[in-house]
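Inspection log for the structure reproduced underneath, given as structure tokens.
The values are calculated or read from the model by the stated rules, or taken from the named source; none is laboratory data. No experiment lies behind these values; they were computed from the predicted model shown. Cβ sites come from the backbone with ideal geometry, for glycine too, and all protein chains shown count toward neighbours.
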Amino acid sequence: MQRRDAAWAAFEVKLGSPAIDAAARSLLRLAARVDGDRHGSPAALVVVTGWGYAYRRPDGVFVAPVGALAP
């Protein structure tokens, strides 16, 4: 997802907790492949889940339940 000011974030939706680690690795790989000089670093990398609490993992990836997302 990209804002008008070119800041960007990446999201991956997963329903089960075992998939959170794989989704976080996938998001980190994506961020590493993006040309930071052209596009900058991501504003956020987020795994969206169907339940639970929002938190930030030690690797910097956020995990947030869909119910916590709001405008």
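Provide a single number: the residues in the stretch 34-71 that are among the small types (G, A, S), part of a loop (DSSP other than H, G, I, E, B) and farther than 16 Å from V13 by Cβ.
5
Only residues that are touching a residue at least 12 places away in the same chain (Cβ under 8 Å), farther than 19 Å from V66 by Cα and assigned to a loop (DSSP other than H, G, I, E, B): list them for the stretch 4-33, please.
A6, A7
Considering only the stretch 47-60, how many residues are in contact (Cβ under 8 Å) with a residue 24 or more places away in the chain and under 14 Å from S17 (Cα atoms)?
6
Select from the stretch 17-54 the residues that are modelled with pLDDT of 95 or more and among the acidic types (D, E) and list them in ascending order.
Residue satisfying the conditions is D21 alone.
Count, please, the residues in the stretch 42-71 that happen to be under 12 Å from the mean Cα position of the chain (by Cα) and surrounded by fewer than 10 Cβ atoms within 10 Å (Cβ to Cβ).
Final tally of qualifying residues: 1.
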